[in-house]
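Visitor: Have a look at the structure that comes next, please.
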Amino acid sequence: MLRQDSSEPLLQGILRSALLRPTDRVLVAVSGGPDSTALLVALHELGFQVVAAHFDHALRAGSGEVADLVGALCARLGVQLVAARRDAPMPRGSVQAGARALRYEFFEHARAEVAADSVALAHTADDVVEGTVLHLMRGCGLSGLRGMPARRGVYVRPLMAVWRKEVVEFLQRRGIAAYQDPANSDPQFARARVRHEILPALERDRPGIRRRFFAVARRAAAIQAGIEQVAADRLGESAITRWELALMPEPVATEVIKGMYSNAGGRLPALSRSHVRSMLRLAAGAAGGRGVDLPGGRRFRIVGDLMEIYTPAQSSNAPRLEVKRCDGCDDSDAAHLKADLTIRLGFRSPGLRMRPAGGRGSRKLQDILVDARVPREDRDSWPLVFAGDQLAWVPGIAVDSDLRSAKGEPALHVAISPMPDRSQSKVARLETPISPRGESS
């Protein structure tokens with residue numbers, strides 16, 4: 001049973017957020033700083049089932065002492081702690097972005113380890129305002145104006161309506177000392193400049209502007225939540241063609257694109273504005289075959305009216321040719337070719353043709369692949385089986401009528417491992433493609 005009797009602003013702010021259910025098992029991300037320390041203590045006092053999670057980025061001297069401080073607090077509260085220290089090189093690029101990626105990867109492992117329902121992050125109202133100002137300085141849309149969302153999947157921010165001074169007062173009343181990260185005061189970081197220079201200057205000229213920024217951010221968050229709901233509802237209905245996406249209001253189309261990425265296993269908020277703009281342009285442009293590379297090794301592409309976000313096959317899955325004698329069988333993944341042929345594995349080259357069984361006359365391989373909806377970027381790597389220099393089998397698509405064996409006759413049972421199959425990619429599909437005949441290679 002949760003406590004409901006406290007008048008302390010911080011505790012009331014958590015309860016009013018309604019982001020956590022009384023029965024939730026909550027993994028609390030604890031850096032050791034005042035905000036996350038207060039969040040852990042508050043959730044424990046309110047009666048939530050809590051587990052603390054601390055990740056040591058090992059980026060500065062003394063980080064191990066902060067981990068010890070978090071451990072001591074958890075021991076004092078009787079709270080389970082899951083902790084880890086970075087032991088691998090930092091990812092390439094921004095240190096802050098790399099640290100965030102490693103931290104969230106740790107949170108995912110920790111959440112699975114303790115079977116937590118939610119991961120609680122300790123961002124406050126001040127963080128919302130600072131985020132809004134940072135986004136405005138860089139240029140942003142509605143989602144940036146909100147500062148940060150209160151919920152993203154299992155990640156929640158119960159302190160978003162609590163101000164930093166209320167955090168300080170909460171800890172002082174309990175005699176709890178938290179770690180003060182010197183980076184929070186280092187002017188080389190944009191957020192520190194906003195916190196210690198820009199906002200104080202604005203507050204001197206326009207007293208109360210922090211709270212007005214906060215009110216704007218909350219309103220933007222409400223509108224953004226409505227847009228995200230429209231996009232989610234539309235994703236859950238019938239297929240959306242690329243042309244329908246192009247006609248949507250840009251905020252809704254943007255959230256549809258983000259939803260596709262998430263449904264394909266991508267972790268938000270990894271997509272940049274540049275990624276989203278490129279995908280929207282591709283959806284509104286010429287017929288498919290091109291694509292956009294996305295974070296997490298994924299790729300967005302258009303095939304006919306089909307939009308896909310998928311994980312390209314890795315070269316380690318190189319196809320192998322498997323041949324055995326057979327008197328005829330019903331294996332639909334294999335081709336049965338004449339027994340006296342010498343066969344080999346190969347790939348596409350200019351001028352290839354075949355006479356597909358069940359068809360009429362000779363056809364270009366290019367046209368066969370287009371009609372089978374094989375994306376342009378997959379065609380050069382699609383394995384082919386040859387009898388000498390003659391194309392005998394396009395696995396999963398067509399077999400040459402002159403080279404296949406008659407049913408019941410001795411034959412070569414020819415298979416490819418792994419069998420090429422676009423459905424094996426991790427794909428988010430929104431429309432059955434209509435192949436444009438005669439598409440160029």
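The values are calculated or read from the model by the stated rules, or taken from the named source; none is laboratory data. Everything numeric in this text was worked out from a predicted model, so none of it was measured. All Cβ positions, glycine included, derive from the backbone under ideal geometry; neighbour counts span all protein chains shown. These accessible areas exclude ligands, DNA and RNA; they are computed on the full protein's heavy atoms, side chains included. Shrake-Rupley method; radii C 1.70, N 1.55, O 1.52, S 1.80 Å.
Visitor: Taking residue 70 and the conditions (1) more than 21 Å from residue 174 (Cβ to Cβ); (2) of a type in the set (Val, Ile, Thr); (3) modelled with pLDDT of 95 or more, which numbered condition does it fall short on, given that it satisfies the others?
Guide: (1)
Visitor: Then there's this: Can you tell me which residues in region 165-183 are part of a helix (DSSP H, G or I), open to solvent by 40 Å² or more (accessible area, probe 1.4 Å) and out of contact with any Pro (no Cβ under 9 Å at 6 or more places or on another chain)? Don't jump to the end; show me each part of the working.
Guide: Filtering region 165-183 down to residues part of a helix (DSSP H, G or I) leaves 165-174, 182-183.
Then keep just the ones that are open to solvent by 40 Å² or more (accessible area, probe 1.4 Å); that gives 165, 168-169, 172-174, 182.
Selection gives 165, 172, 173, 174, 182.
Visitor: Okay, moving on. Quick one: in region 7-22, of everything that is outside any helix (DSSP H, G or I) and free of Cβ contacts under 8 Å to residues at least 12 places away in the same chain, which residue is nearest to residue 80 (Cα to Cα)?
Guide: Let us first name the residues in region 7-22 that are outside any helix (DSSP H, G or I), namely 7-8, 18-22.
Narrowing further to those that are free of Cβ contacts under 8 Å to residues at least 12 places away in the same chain: 7, 18.
Details: 7: 27, 18: 24 Å.
Here the answer is 18.
This table checks each residue for (1) of a type outside the set (Gly, Ala, Ser); (2) over 22 Å from residue 299 (Cα atoms); (3) in contact with a helix residue (DSSP H, G or I) (Cβ under 9 Å, 6 or more places away or on another chain).
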position	(1), (2), (3)
222	no, yes, no
225	no, yes, no
235	yes, no, yes
247	yes, yes, yes
250	yes, no, yes
283	no, no, yes
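Visitor: Go through region 127-156 and give me each residue that's closer than 24 Å to residue 46 by Cα and open to solvent by 20 Å² or more (accessible area, probe 1.4 Å).
Guide: Passing the criteria: 150, 151, 152, 153, 154, 155.
Visitor: Still on this structure, I have one more. Which residues, taken from region 411-434, are at pLDDT below 80, assigned to a loop (DSSP other than H, G, I, E, B) and either open to solvent by less than 20 Å² (accessible area, probe 1.4 Å) or within 20 Å of residue 348 (Cα to Cα) (or both)?
Guide: Kept after step one, since they are at pLDDT below 80, are these residues of region 411-434: 420-434.
Then keep just the ones that are assigned to a loop (DSSP other than H, G, I, E, B); that gives 420-421, 425-427, 430-434.
Result: 420, 421.
Visitor: Continuing with the same structure: For residues that are loosely packed, with under 13 Cβ neighbours inside 10 Å, at pLDDT below 95 and either assigned to a loop (DSSP other than H, G, I, E, B) or aliphatic (A, V, I, L, M) (or both), tally how many sit in region 184-205.
Guide: Result for region 184-205: 3.
Matching residues to (1) charged (D, E, K, R); (2) open to solvent by less than 50 Å² (accessible area, probe 1.4 Å); (3) out of contact with any Leu (no Cβ under 8 Å at 6 or more places or on another chain):
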position	(1), (2), (3)
311	no, yes, yes
318	no, no, yes
325	yes, no, no
333	yes, no, yes
340	yes, no, yes
346	no, yes, no
354	no, yes, no
378	yes, yes, yes
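Visitor: Yes or no: region 235-245 includes at least one residue that is among the small types (Gly, Ala, Ser), in contact (Cβ under 8 Å) with a residue 24 or more places away in the chain and surrounded by 14 or more Cβ atoms within 10 Å (Cβ to Cβ). Please lay out each step first, then the result.
Guide: Filtering region 235-245 for residues among the small types (Gly, Ala, Ser) gives 236, 238-239.
Next, from what is left, pick out any that are in contact (Cβ under 8 Å) with a residue 24 or more places away in the chain: 239.
Those still in the list that are surrounded by 14 or more Cβ atoms within 10 Å (Cβ to Cβ) too: none.
No, the conditions are met nowhere in region 235-245.
Visitor: Can I ask one more? Inspect region 334-344 for any residue being at pLDDT 85 or above, part of a strand (DSSP E or B), charged (D, E, K, R) and more than 41 Å from the chain's Cα centre (by Cα) and give the result as yes or no. Even if it seems obvious, please write down each step before you answer.
Guide: Within region 334-344, the first condition is being at pLDDT 85 or above, and the residues that meet it are 334-344.
When the remaining residues are screened for being part of a strand (DSSP E or B), the result is 335-338, 343-344.
Now narrow it down to the ones that are charged (D, E, K, R): 338, 344.
Imposing the further condition that a residue be more than 41 Å from the chain's Cα centre (by Cα) reduces the set to 338.
Yes, because at least one residue in region 334-344 is at pLDDT 85 or above, part of a strand (DSSP E or B), charged (D, E, K, R) and more than 41 Å from the chain's Cα centre (by Cα).
Visitor: Search region 308-325 for residues that are under 29 Å from residue 240 (Cα atoms) and pair each with any residue that is modelled with pLDDT of 75 or more and open to solvent by 80 Å² or more (accessible area, probe 1.4 Å) when their beta-carbon atoms are under 6 Å apart and the residues are at least 6 apart or on different chains.
Guide: none
Visitor: Separate question: Which condition breaks for residue 249 when tested against (1) open to solvent by 60 Å² or more (accessible area, probe 1.4 Å); (2) of a type outside the set (D, E, K, R); (3) in contact (Cβ under 8 Å) with a residue 60 or more places away in the chain?
Guide: Unmet for residue 249, out of (1) open to solvent by 60 Å² or more (accessible area, probe 1.4 Å); (2) of a type outside the set (D, E, K, R); (3) in contact (Cβ under 8 Å) with a residue 60 or more places away in the chain: (3).
Visitor: Could I ask something else about it? Could you tell me whether region 387-410 includes any residue that is open to solvent by less than 20 Å² (accessible area, probe 1.4 Å), within 29 Å of residue 297 (Cα to Cα) and touching a residue at least 60 places away in the same chain (Cβ under 8 Å)?
Guide: yes
Visitor: Of everything in region 88-143, what is without any contact (Cβ under 8 Å) to a residue 60 or more places away in the chain, polar (S, T, N, Q) and in contact with a strand residue (DSSP E or B) (Cβ under 6 Å, 6 or more places away or on another chain)? Give them in sequence order.
Guide: Matches in region 88-143: none.
Visitor: Of the conditions (1) open to solvent by 30 Å² or more (accessible area, probe 1.4 Å); (2) in a helix (DSSP H, G or I); (3) in contact with a helix residue (DSSP H, G or I) (Cβ under 7 Å, 6 or more places away or on another chain), residue 262 fails just one. Which one is it?
Guide: (3)
Visitor: Which one is nearest to the chain's Cα centre (by Cα) among residues in region 392-411 that are aliphatic (A, V, I, L, M) and under 19 Å from residue 324 (Cα atoms)?
Guide: 394
Visitor: A further question on this structure: So, of the residues in region 56-87 that are open to solvent by 30 Å² or more (accessible area, probe 1.4 Å) and closer than 17 Å to residue 113 by Cβ, which turns out to be farthest from the chain's Cα centre (by Cα)?
Guide: Looking at residues that are open to solvent by 30 Å² or more (accessible area, probe 1.4 Å) and closer than 17 Å to residue 113 by Cβ, I get 80.
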